[in-house]
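Since the structure comes first, as C-alpha cells, the remarks are kept for the end.
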Amino acid sequence: MNWYAKFFQPEKLLGKFQAEGPLPENQEIMKKVIGVAWPAVLESFLVALVAFVDNIMVSSLGAYAVAAVGLTTQPKFIAFAFFVSLNVATSALVARRKGEDDRLAANRTLKQVLAIMTVLLVIVITVFVTFAEQLLLFVGAQPDTIGPATEYFRIVLGFGFFQLISMTINAAQRGVGNTKIAMRTNMISNIVNVFFNWVLIGGNLGAPALGVKGAAIATVIGSAFACFISIASICKRDGYLYIFLEKGIRFDKKTLRSVADLASSTLAEQIFMRIGFLLFTMVVSNLGTEAYAAHQVGMNCMHLSFAFGDGFNVAAVSLVGQSLGAKRKDLAAMYGSACQRFGMTCSVVMCFFFAFCGEILFSFFFVEPEIIAIGGKITKILAVMLFLQIRQVITAGCLKGAGDTRFVAKVAFISVTIIRPLGAWLFCYPFGMGVVGAWAGTLIDQSVRCGLNSMRFATGKWSQIDI
C-alpha cells in the first residue's frame, strides 16, 4: 500500500493553502479519513442495497409495482426538503462547535433543531398526505400505478416522523464524527425492513399478502426501530451528544441565526433539486410504465454507487467543519482533498462493475429481453458518470462542511433545475433516444456540477466563511 499512500502526501493535498502548523503523516491522514468514512460508506451502501432488494421483492408483483413505488420517490423528497436542509445545517454546525471544543453549544444546536423540526413535521405531513393522489397524478402516475402509489405514499409519509427524527440525530452524530452510531442504526433498520418485506409483500408466516402496501408497512416498521435507536444514542451520559446535558431548551440568537442561514441556503438547494428531479421524473414517466420501471432500477444501481460518494461526503462535512472550528484552514483543505482521492478510487472499481454487469443486474428484476437490453445501456452510461457523480458529491460535502451552502444552492439551480430536465427531454423526445436519453441528460448534469464545485473548492473562498 506504500505506492497508494503517495497520493496522500500532505503537501500535495494542501493545494494553494500554506501549512499553518504541524501536518499529519500520509498514513495518519488515510486512517483518520477512513475511520470517519467507512461506517458512513457501509451505512449508505446498505441503505441503497436494501432499496435494491426492496425493488426485487416488489418486482415479483409486476412492472407496475416497481413503477408505483418509484413514482413516490421525488414527492417524498420534496416533503423531506425542509428537514434535509435542517440536517445539513445541524451537521455543519455541530462539527464546527466540536472543533471549537464547545460541547454545550453542540448539544444546544441539536435540541433547538429538534424542536423546530417537530413543528414542521405536523404541517408538512398533514399537507402531503392530504394531497397525495393529486401530487402523484401530477408527476405522471398512470392508471395502473396511481392506486398502489397513493397507498404506499400515504403510509410511508404518514409515519415519516420516525425516519426524520432519526435522520436529524444521525446528522448531528456525523458532525462530531460518530458515524458508527448512524451505521448501526440503519443496519438494524434495514434488516427489520427486509424481514417484514418478506413477511408482508408475499404473505409469509401466516401474514396476509399485502403487496405494495406491505412494502410500505415494512418501511415504517424499520424506520421506527431506527428512531428508537437514534434517540437512545443521545441519552448516554458519556456521549458527546447528550440530550440531558442541559435542562430544558434554550433558544439563543446566535444558534438560530446560524441554523436559519445555513438551512435557508440548503433549502433553496433542495427546492431547486426537487423541482429538477420532479420535472425529470415527469419526462421519464411519460415514456410508459415499462420504461419507467427500467429507469427506476437504473436509479437503484446509481444509488448503490452513490453510497461511496455519500460516505466520503459525510467524512468531508465532519473533518472540514472540525478543522475550520479549530482554526486550521490547511487541515480542512487537506482532508477535503483526501476524501476526493478516496472517492476517485471507488469510482474506478464501480466503473468496471457496472460496465460489464449491467444486464446481469437487470435480469434480477425483469424477464423481458428488451428491458434488460435497455438496462445494459443505462449501466454503461452510469459507469462513465460515476467519476463525475462521486467527485461532485464529495466536493459539495467539503463546501457544506465549511458553510458554503449558498454556492451549492446556485449550482443546483443551474444544473439540476434547468440542465438535467431540459437535457433529458431533448434526448428522450426530439432525439428519439427514449429512456436512455434521460441518462444522457443526467450525465450532462453531473458534469456541470462536478466542474463548478471543483472550481469553487480550488479557489479556497469557502475557508473564509464564519458560521
_Condition broken by residue 197, with the remaining ones in (1) crowded, with 21+ Cβ neighbours inside 10 Å; (2) under 18 Å from the mean Cα position of the chain (by Cα); (3) over 30 Å from residue 411 (Cα atoms) satisfied_ = (2)
*Any chance residue 467 is under 28 Å from residue 257 (Cα atoms) and in a loop (DSSP other than H, G, I, E, B)*: yes
*Please specify each residue of region 334-378 satisfying the condition of being touching a Gly at 6+ places or on another chain (Cβ under 6 Å) and either part of a loop (DSSP other than H, G, I, E, B) or in contact (Cβ under 8 Å) with a residue 60 or more places away in the chain (or both).*
362, 375, 378
*Those residues that are in contact with a Gly (Cβ under 7 Å, 6 or more places away or on another chain) and either more than 30 Å from residue 410 (Cα to Cα) or surrounded by fewer than 24 Cβ atoms within 10 Å (Cβ to Cβ) (or both), I need them from region 380-390; list them, please.*
380
*asked:* Of everything in region 227-238, what is buried (at least 17 other Cβ atoms within 10 Å of the Cβ) and not in a helix (DSSP H, G or I)? Give them in sequence order.
replied: 234
*Hey, among the residues in region 271-286 that are of a type outside the set (Val, Ile, Thr) and modelled with pLDDT under 85, which one's surrounded by the fewest Cβ atoms within 10 Å (Cβ to Cβ)?*
286
*Restricting attention to region 366-402, report how many residues are over 18 Å from the mean Cα position of the chain (by Cα) and small (Gly, Ala, Ser).*
5
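Looking at 163, 142, which is the one that is surrounded by fewer than 20 Cβ atoms within 10 Å (Cβ to Cβ) and in contact (Cβ under 8 Å) with a residue 60 or more places away in the chain?
Working: 163 fails: surrounded by fewer than 20 Cβ atoms within 10 Å (Cβ to Cβ).
Among 163, 142, only 142 is surrounded by fewer than 20 Cβ atoms within 10 Å (Cβ to Cβ) and in contact (Cβ under 8 Å) with a residue 60 or more places away in the chain.
Test residue 155 against the criterion of being surrounded by 24 or more Cβ atoms within 10 Å (Cβ to Cβ) and over 20 Å from residue 324 (Cβ atoms), and give yes or no.
Details: surrounded by 24 or more Cβ atoms within 10 Å (Cβ to Cβ): no; over 20 Å from residue 324 (Cβ atoms): yes.
No.
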*Of the residues in region 129-165, how many are under 20 Å from residue 215 (Cα atoms) and either β-branched (Val, Ile, Thr) or assigned to a helix (DSSP H, G or I) (or both)?*
22
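Per-residue answers, yes or no, for (1) in contact with a helix residue (DSSP H, G or I) (Cβ under 7 Å, 6 or more places away or on another chain); (2) modelled with pLDDT of 90 or more; (3) not in a helix (DSSP H, G or I); (4) not acidic (Asp, Glu):
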{"site": "94", "(1), (2), (3), (4)": "yes, yes, no, yes"}
{"site": "97", "(1), (2), (3), (4)": "yes, yes, no, yes"}
{"site": "104", "(1), (2), (3), (4)": "no, yes, no, yes"}
{"site": "107", "(1), (2), (3), (4)": "no, yes, no, yes"}
{"site": "112", "(1), (2), (3), (4)": "yes, yes, no, yes"}
{"site": "118", "(1), (2), (3), (4)": "no, no, no, yes"}
{"site": "123", "(1), (2), (3), (4)": "no, yes, no, yes"}
_Only one of 241, 205, 210 is touching a residue at least 24 places away in the same chain (Cβ under 8 Å), outside any helix (DSSP H, G or I), touching a helix residue (DSSP H, G or I) at 6+ places or on another chain (Cβ under 8 Å) and not acidic (Asp, Glu). Can you tell me which?_
241
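Here's a check for you: in region 255-294, which residue that is hydroxyl-bearing (Ser, Thr, Tyr) and over 22 Å from residue 138 (Cα atoms) is nearest to the chain's Cα centre (by Cα)?
In the first step, residues of region 255-294 are kept if they are hydroxyl-bearing (Ser, Thr, Tyr); the result is 255, 258, 264-266, 281, 285, 289, 292.
If we keep only those that are over 22 Å from residue 138 (Cα atoms) as well, we get 255, 258, 264-266.
Details: 255: 25, 258: 22, 264: 18, 265: 17, 266: 13 Å.
Filtering first and then ranking leaves 266.
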*Of the residues in region 323-333, how many are farther than 20 Å from residue 392 by Cβ and assigned to a helix (DSSP H, G or I)?*
6
*Determine, yes or no, whether residue 5 is over 21 Å from residue 190 (Cβ atoms), of a type in the set (A, V, I, L, M) and either loosely packed, with under 15 Cβ neighbours inside 10 Å or touching a His at 6+ places or on another chain (Cβ under 8 Å) (or both).*
yes
*Where residue 345 falls short, out of the listed (1) buried (at least 21 other Cβ atoms within 10 Å of the Cβ); (2) modelled with pLDDT under 90; (3) within 30 Å of residue 19 (Cα to Cα)*: (1)
*Flag if residue 221 is touching a Lys or Arg at 6+ places or on another chain (Cβ under 9 Å) and either crowded, with 21+ Cβ neighbours inside 10 Å or touching a residue at least 12 places away in the same chain (Cβ under 8 Å) (or both)*: no
*Check whether at least one residue in region 267-282 is in contact with a Ser or Thr (Cβ under 7 Å, 6 or more places away or on another chain), part of a helix (DSSP H, G or I) and among the β-branched types (Val, Ile, Thr), and report yes or no.*
yes
*Hits in region 144-202 (condition: farther than 21 Å from residue 259 by Cβ and of a type in the set (D, E, K, R))*: 144, 151, 154, 180, 184
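The values are calculated or read from the model by the stated rules, or taken from the named source; none is laboratory data. Note that the coordinates shown come from a computational prediction; the quantities given were computed from them, not determined experimentally. All Cβ positions, even for glycine, are placed from backbone atoms using ideal geometry, and neighbour counts span all protein chains on display.
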